[in-house]
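See below for the structure under consideration.
The values are calculated or read from the model by the stated rules, or taken from the named source; none is laboratory data. Values in this document were obtained by computation on a predicted structure and should not be read as measured data. Cβ sites come from the backbone with ideal geometry, for glycine too, and all protein chains shown count toward neighbours. Please note that ligands, DNA and RNA were not included when accessible areas were found on the heavy atoms of the full protein model with its side chains. Shrake-Rupley method; radii C 1.70, N 1.55, O 1.52, S 1.80 Å.
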Amino acid sequence: MSDRSAISSPAVAVASLAASSLTAVLLAVAARPAAAHVDYVTEEDGDPLDAVAFLVEVLSDPFNAAAFAGSGLVVVAGIAAYLWVRPTIRDVVVLREKLASYGDLVPWMLRLSIGLPLVGAGFQGYLFAPTLTFDTAASPLLRVLFIGIGFCVLFGLATRIVSAIGLLTFAWVLLAVDPGVVIAMEYVPVLLALLVVGGGRPSADDMLLAVASTPGTYYGRVDPVHHLKAFLDGSMAPIREYVPTLLRVGMGVTFVYLGLIEKLADPGRGLLVVEKYDLTAVVPVDPGLWVVGAGLTEIAVGLALVAGFFTRGAAAVSFVLFTTTLFGLPDDPVLVHVALFGLASAVFTLGSGPLSFDRWFGRPALEEGEPAIPAD
């Protein structure tokens, strides 16, 4: 039996949890009316518009059609040119190899990206997404839960256990409180990744394990947990190499949701955003083209991430989109986007991982089966 087939039962459980969590998110996406991060900057629903008729109307305009087609051709030509000359660019090879050396820092990066927003959610009183508020005075235990999860993740204390609690909390909100929490779905792939890789370094888990596993230490006599961590590290080792795949697919699904459900399926609300921030003064095109262009761009980036095509380029584009959104929409809550920034940074660092176009047709910096995030 090969090492890859000898995945232990905890690893299988994590894989099953990952599949069920992403399935639940996708079902909620399909069932929920159109609303996502646009909710953060708009209070009205906008005019009810037929999404298909709106798309046809916008692209039927000759100028809009030409602008859209021209932009698409430029992007396709740019990608084709890059793929043609990439084997001759030494800079890309060096960059990939350098980024691969940062793999051990990714768990720390992911912990920071969700730890801070979760602490903020607890203090400010919202359930992952700021549109789902609760009364902190009436629900002190819920407040303590979010603050506790956030601080433990930040410190890297009992990371896998806390990540599991975070996933269960997200599932509870999704299924029992409000399916609108799907707009904060970026927490799911990050929590699942931390469930697999643990706290990494630096973290409280790593420090305590070093002390507890050293013969003759007082702490080692009273701490039975370090044995569990060592067991989980070994159990999760066979699936560590798939963490980049999990993060990129999770981020890709998020982008497809933002483009398809938030914008193309609800163009009336998207037009409110264009009008509110006078975006046509920034780029003087038809407001409808703004909505359609933004939606299709996000869908394209999301599908590229899901397929693992031009992964680091797609992650870089997403990072630019997040940054311009924060500067362009000044009242968009910054804290709730930290998880997205962290997720994009992790995908850019790790690359596509297995089961991807880039891995099949590119020149990966890692050997086959080598995990992008090394064990502690």
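Under a 5 Å amide H cut-off, with hydrogens placed 1.01 Å from N, residue 49 pairs with 268 among residues at least 5 apart or on other chains.
Amide H to amide H distances under 5 Å link residue 199 with 159, 160, where only residues 5 or more positions off or on other chains count and H is placed in the peptide plane.
When each of the peptides 202-212, 339-349 is scored by the mean number of other C-beta atoms lying within 10 Å of its residues, the order from highest to lowest reads 339-349, 202-212. Accessible surface computed residue by residue for segment 205-317, with neighbouring protein chains in place and a 1.4 Å probe, gives 42 Å² per residue. Summarising the amide proton neighbourhood of residue 126: residues at separation of 5 or more, or on other chains, whose placed amide H is nearer than 5 Å comprise 134. In sequence order, segment 115-121 has phi-based couplings of x, 4, x, 5, 4, x, 4 Hz under the Karplus curve 6.51 cos²θ - 1.76 cosθ + 1.60, θ = phi - 60°, and Gly or Pro positions carry x. Ignoring lysines fewer than eight residues from residue 276 along the same chain, the ones with Cα atoms less than 26 angstrom from its Cα are 263. Summing +1 for each Lys or Arg and -1 for each Asp or Glu among the other residues whose beta-carbon sits under 11 angstrom from that of residue 162 gives +1. The modelled label-to-label distance for the pair residue 80/residue 223, using points 7 Å beyond Cα in the direction of Cβ, is 5.8 nm. Accessible surface of residue 263, taken over heavy atoms with a 1.4 Å probe and every protein chain present, rounds to 30 Å².
Only protein atoms count toward the accessible area here, which uses a 1.4 Å probe; on segment 195-267, the carbon and sulfur part of that area reaches 73 percent. With Cα atoms defining each centre, segment 244-308 and segment 138-169 are spaced 31 Å apart in the structure. The heavy atoms of residue 290 offer some 70 square angstrom of accessible surface to a 1.4 angstrom probe.
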